[in-house]
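Structure, as structure tokens:
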Amino acid sequence: MNNFWQRLLTGTVLILSIIVSLFSGFFFFSTLFFIFSMIGLYEFYRMATPKNKKRDYFSPMFAGALLYIICALTASRLIPFPWLEFMIPVAAYFFMIELYKNRENPFQEIGLTVLGLVYIALPFSLLNYMAFLPNETYNYELVLGCFIFLWVSDSGAYLVGRRFGKHKLFERISPGKTIEGSVGGILMALAVSYFVVGSLFKSLSPFDWLVVSAIVSVSGIYGDLIESLLKRSVDRKDSGSLLPGHGGILDRFDSLILSAPLVYAYIRLIQIL
């Protein structure tokens, strides 16, 4: 099976899994993305660790799992929100433990641990809250809308880029991306928001869906570039090999990692205002 068909089959299975989990209810959706977040966190620490060094995977991944689970439970109102404060001593642990490990680069070790939790675990955890926005009852529309915009903008950028792409967007980081492709992907996401999502999904106004599509499509490009930057810095082509034709979980969800927190912030902002 060549790379194209591998990518198509893997992408189709992944998309169907996400859609089915969203329609099946919060437990199934949250469980699926808990698995994704743990694999992504492992890929991140493995990718950032030199091959000749050993790393403690258990502690940061336990912290990431705890963050995700507490967010899922507080989002679904099974436990009160102040339970999140339990993460304060967990964060302090990673600073104090360096006193006993006697490693050469405590700055690097602490920074890498915290970066993994902020860059990977937190965005995936926020999806739990997004599943209960904007009306604090489980509603798949916001999360599914974000994925639709990501899928459309990604496909649009590929198709437009192949046909009209001439000017490199960020050649130093991602030689294949073009300005024309990126603009085409953004415009296609905006069109789908206006003509499809805004008409079918009533949890947000058509204008807010338009803003969300702009946030997702633009930040998704940056999310992809940021992951490419990190991979290049450690001389890696892919974050993993779990998904045939795509690489790892981070390679497939790099756009979501940046866009999810920004969409969450926007929805919370319009609720306050």
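See the values below:
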| quantity | calculated |
| --- | --- |
| Residue check for L133: out of contact with any His (no Cβ under 8 Å at 6 or more places or on another chain), assigned to a helix (DSSP H, G or I) and hydrophobic (A, V, I, L, M, F, W, C) | no |
| Given (1) touching a Ser or Thr at 6+ places or on another chain (Cβ under 9 Å); (2) open to solvent by 90 Å² or more (accessible area, probe 1.4 Å), number of the condition Y68 does not satisfy | (2) |
| Subset of the range 167-202 (residues that are aromatic (F, W, Y) and without any contact (Cβ under 8 Å) to a residue 60 or more places away in the chain) | F170, Y194, F195 |
| Count of residues meeting criterion [without any contact (Cβ under 8 Å) to a residue 24 or more places away in the chain and of a type in the set (A, V, I, L, M)] in the range 116-147 | 1 |
| Boolean, F124 is closer than 30 Å to S76 by Cα, touching a Phe, Trp or Tyr at 6+ places or on another chain (Cβ under 7 Å) and surrounded by fewer than 20 Cβ atoms within 10 Å (Cβ to Cβ) | no |
| Selection count where residues are in contact with a helix residue (DSSP H, G or I) (Cβ under 7 Å, 6 or more places away or on another chain) and either in a helix (DSSP H, G or I) or open to solvent by less than 30 Å² (accessible area, probe 1.4 Å) (or both), scope the range 232-250 | 8 |
| Residue match in the range 53-62 (condition: of a type in the set (S, T, Y) and farther than 17 Å from F94 by Cα) | no |
| Criterion: open to solvent by less than 30 Å² (accessible area, probe 1.4 Å) and under 28 Å from R46 (Cα atoms) - qualifying residue of A92, A63, A131, A75 | A63 |
| Residues that are surrounded by 15 or more Cβ atoms within 10 Å (Cβ to Cβ) and outside any helix (DSSP H, G or I), drawn from the range 154-167 | G165 |
| Residue ID - surrounded by the most Cβ atoms within 10 Å (Cβ to Cβ), chosen from residues in the range 35-60 that are of a type in the set (S, T, Y) and more than 22 Å from L133 (Cβ to Cβ) | Y42 |
| Residues of the range 180-206 satisfying the condition of being β-branched (V, I, T) and either open to solvent by less than 60 Å² (accessible area, probe 1.4 Å) or over 16 Å from S219 (Cβ atoms) (or both) | I186, V192, V196, V197 |
| In the range 98-130, the residues that are over 20 Å from I39 (Cβ atoms), among the polar types (S, T, N, Q) and in a helix (DSSP H, G or I) | Q108 |
| Selection within the range 203-238 - free of Cβ contacts under 8 Å to residues at least 60 places away in the same chain and either of a type in the set (S, T, N, Q) or farther than 23 Å from Y45 by Cα (or both) | S205, P206, F207, L210, V211, A214, I215, V218, S219, S228, S233 |
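The values are calculated or read from the model by the stated rules, or taken from the named source; none is laboratory data. No experiment lies behind these values; they were computed from the predicted model shown. Glycine also receives a Cβ, built like all others from the backbone with ideal geometry; neighbour counts cover every protein chain displayed. When the accessible area is computed, the model is the full protein with side chains, heavy atoms only, and any ligands, DNA or RNA have been set aside. Shrake-Rupley method; radii C 1.70, N 1.55, O 1.52, S 1.80 Å.
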